[in-house]
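Novice: This is the structure, below, for whatever I ask next.
The values are calculated or read from the model by the stated rules, or taken from the named source; none is laboratory data. All of these numbers come straight from a predicted model, not from anything done at the bench. So basically every Cβ, Gly included, is an ideal-geometry build from the backbone, and we count neighbours across all protein chains shown. Protein only, heavy atoms only, side chains kept; ligands, DNA and RNA dropped before computing areas. Shrake-Rupley method; radii C 1.70, N 1.55, O 1.52, S 1.80 Å.
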Amino acid sequence: MPRFSTLKLAVRGRIATITLNRPERLNAIDDRMPGEIEAAVRAANDDARVHVIVLQGAGAAFCAGYDLKFYAEHAHEANQPMPWQPMLDYKLMKRHTEQFMSLWKSHKPTICKVHGYAVAGGSDIALACDLLVMADDAKIGYMPARVWGCPTTAMWVYRLGAMRAKRLLFTGDLIDGRTAADWGLATLAVPAAELDAATTQLAERIAGVPTAQLMMQKLVINQAVEAMGLEQTQMFATLFDGITRHSPEGVWFRRYAEAHGFPAAVEWRDSGRPLPELPPGDVGDAHMAPPADPAARSAWSRDVTGKRRRRRGG
């Protein structure tokens with residue numbers, strides 16, 4: 001079994017379980033996690049015992065997206081100094097996109113089990129899976145659509161259709177598990193206390209099918225989606241993601257996070273207050289006033305931080 005630093009891989013009977021394992025950071029994506037997801041999927045595909053793969057998260061949430069506290073507050077390859085090199089950014093982010101999409105391309109079915117939050121880059125991972133089982137009160141969405149992000153896997157439109165994908169990406173709003181199931185985004189949503197049992201029941205039902213049968217059905221369905229232009233859509237989305245982080249608004253957002261902390265920048269982004277819309281060359285100096293509340297934090301961040309504290313008994 002491969003050794004991992006950001007996740008765990010376990011096999012029980014015909015079911016492989018991949019557990020994202022950075023609970024202290026809400027399983028936020030660092031530089032290692034995308035490649036480790038791909039390696040774990042490959043190991044499960046190479047294991048003749050495995051018929052189905054379940055992906056889950058340890059701790060208070062499935063995945064809170066990229067570890068943007070680190071990426072926004074520190075120099076990194078994803079945040080180049082200006083003038084930036086778009087193809088260098090594309091090379092990095094496309095590699096991550098392909099590593100997440102190993103869940104989609106896996107010969108064996110993949111089920112994502114979501115509790116807490118699957119947001120931003122965490123929603124990219126979740127929607128790369130074949131099936132999605134959510135707790136009723138879990139939340140999914142892509143808040144950086146408001147500023148500093150574009151979902152590189154671009155799966156929203158293929159899972160929801162154009163109108164509902166626009167509804168979420170024009171606003172950055174989150175939806176709960178019940179709504180996700182009603183909209184057809186989630187395979188099913190159940191009370192949080194029943195999430196493990198419901199996911200296991202579905203996985204065991206699939207695991208009874210021969211692997212060759214599962215592989216053929218998946219290949220047929222995937223090629224239909226890919227024929228709609230998935231690869232080309234992901235190319236544009238990954239390029240645009242880089243642009244959002246190096247546009248005037250993206251540069252301002254990073255500067256605001258550096259000056260006042262990432263929670264304050266996210267609180268502004270998610271609050272619904274108008275965000276700066278800057279002309280070329282304007283880095284947003286007129287919009288750098290500190291937040292009125294030094295402890296400003298977005299509603300979803302307050303919620304998940306409280307859950308994490310309760311889990312620790314704090």
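Novice: Find all pairs meeting these conditions: Cβ atoms under 7 angstrom apart; at least six residues apart or on different chains; first residue within the range 90-116 and in a loop (DSSP other than H, G, I, E, B); second residue of a type in the set (D, E).
Specialist: Between residues of the range 90-116 that are in a loop (DSSP other than H, G, I, E, B) and residues that are of a type in the set (D, E), the close pairs are P109/D130.
Novice: Which residues, counting only those in the range 228-262, are under 24 Å from P294 (Cβ atoms), open to solvent by 40 Å² or more (accessible area, probe 1.4 Å) and of a type outside the set (A, V, I, L, M, F, W, C)?
Specialist: Within the range 228-262, E249, R254, R255, E258, H260 qualify.
Novice: Continuing with this model, one more query. May I ask you to say which residue of G59, G35 is in contact (Cβ under 8 Å) with a residue 60 or more places away in the chain, assigned to a loop (DSSP other than H, G, I, E, B), within 30 Å of V266 (Cβ to Cβ) and out of contact with any His (no Cβ under 8 Å at 6 or more places or on another chain)? So that I can check it myself, show each step before the final result.
Specialist: On the way: G35 fails: assigned to a loop (DSSP other than H, G, I, E, B).
Exactly one of G59, G35 is in contact (Cβ under 8 Å) with a residue 60 or more places away in the chain, assigned to a loop (DSSP other than H, G, I, E, B), within 30 Å of V266 (Cβ to Cβ) and out of contact with any His (no Cβ under 8 Å at 6 or more places or on another chain), namely G59.
Novice: Could you list all residues from the range 278-314 that are part of a loop (DSSP other than H, G, I, E, B) and modelled with pLDDT under 90? If you could, list the steps in order and put the result at the bottom.
Specialist: Here is the first cut: in the range 278-314, the residues part of a loop (DSSP other than H, G, I, E, B) are 278-284, 288-298, 313-314.
Passing the criteria: P294, A295, A296, R297, S298, G313, G314.
Novice: Looking only at the range 1-25, filter to residues that are within 27 Å of P263 (Cβ to Cβ) and either among the hydroxyl-bearing types (S, T, Y) or in contact with a Gly (Cβ under 7 Å, 6 or more places away or on another chain) (or both); which one of those is surrounded by the fewest Cβ atoms within 10 Å (Cβ to Cβ)? Steps first, please.
Specialist: Just the residues of the range 1-25 that are within 27 Å of P263 (Cβ to Cβ), to begin with: 5-7, 19-25.
Now restrict to residues that are either among the hydroxyl-bearing types (S, T, Y) or in contact with a Gly (Cβ under 7 Å, 6 or more places away or on another chain) (or both): 5-6, 19-20, 23.
Working: S5: 10, T6: 20, T19: 19, L20: 26, P23: 16.
Per the criteria, the residue is S5.
Novice: Among the listed residues V225, V190, which satisfies the condition of being more than 30 Å from M82 (Cβ to Cβ), surrounded by 17 or more Cβ atoms within 10 Å (Cβ to Cβ) and over 19 Å from the mean Cα position of the chain (by Cα)? Steps first, answer last, please.
Specialist: Working: V225 fails: surrounded by 17 or more Cβ atoms within 10 Å (Cβ to Cβ).
Of the residues listed, the single one that is more than 30 Å from M82 (Cβ to Cβ), surrounded by 17 or more Cβ atoms within 10 Å (Cβ to Cβ) and over 19 Å from the mean Cα position of the chain (by Cα) is V190.
Novice: Within the range 61-70, how many residues are over 15 Å from the mean Cα position of the chain (by Cα) and either surrounded by 21 or more Cβ atoms within 10 Å (Cβ to Cβ) or of a type in the set (D, E, K, R) (or both)?
Specialist: Taking the range 61-70 and keeping what is over 15 Å from the mean Cα position of the chain (by Cα), we get 69-70.
Cutting the leftovers down to either surrounded by 21 or more Cβ atoms within 10 Å (Cβ to Cβ) or of a type in the set (D, E, K, R) (or both) gives us 69.
Of the residues in that region, 1 qualify.
Novice: Based on what the data block shows, is I206 under 30 Å from L68 (Cα atoms) and part of a helix (DSSP H, G or I)? Step through it out loud before you land on a result.
Specialist: Details: under 30 Å from L68 (Cα atoms): no; part of a helix (DSSP H, G or I): yes.
No: the conditions fail for I206.
Novice: Looking at G122, G141, G149, can you tell me which residue is out of contact with any helix residue (DSSP H, G or I) (no Cβ under 8 Å at 6 or more places or on another chain) and buried (at least 21 other Cβ atoms within 10 Å of the Cβ)?
Specialist: On the way: G141 fails: out of contact with any helix residue (DSSP H, G or I) (no Cβ under 8 Å at 6 or more places or on another chain); G149 fails: out of contact with any helix residue (DSSP H, G or I) (no Cβ under 8 Å at 6 or more places or on another chain).
None of the others qualify; the one that does is G122.
Novice: Right, here's the next one. Among residues belonging to the range 92-113 that are of a type in the set (S, T, Y) and open to solvent by less than 10 Å² (accessible area, probe 1.4 Å), point out the one that is nearest to T17 (Cα to Cα).
Specialist: Kept after step one, since they are of a type in the set (S, T, Y), are these residues of the range 92-113: 97, 102, 106, 110.
If we keep only those that are open to solvent by less than 10 Å² (accessible area, probe 1.4 Å) too, we end up with 97, 106, 110.
Values: T97: 21, S106: 14, T110: 10 Å.
Filtering first and then ranking leaves T110.
Novice: Hey, another quick one. Quick one: which residue in R178, R167 is surrounded by fewer than 18 Cβ atoms within 10 Å (Cβ to Cβ), modelled with pLDDT of 95 or more, among the charged types (D, E, K, R) and under 18 Å from A61 (Cα atoms)? It would help to see each step written out before you state the result.
Specialist: Details: R167 fails: under 18 Å from A61 (Cα atoms).
After ruling out the rest, the residue left standing is R178.
Novice: Next question, about the same structure. Looking only at residues in the range 36-50 that are in contact with a helix residue (DSSP H, G or I) (Cβ under 8 Å, 6 or more places away or on another chain) and open to solvent by less than 30 Å² (accessible area, probe 1.4 Å), which one is farthest from V11 (Cα to Cα)?
Specialist: Applying the filter and picking the extreme gives I37.
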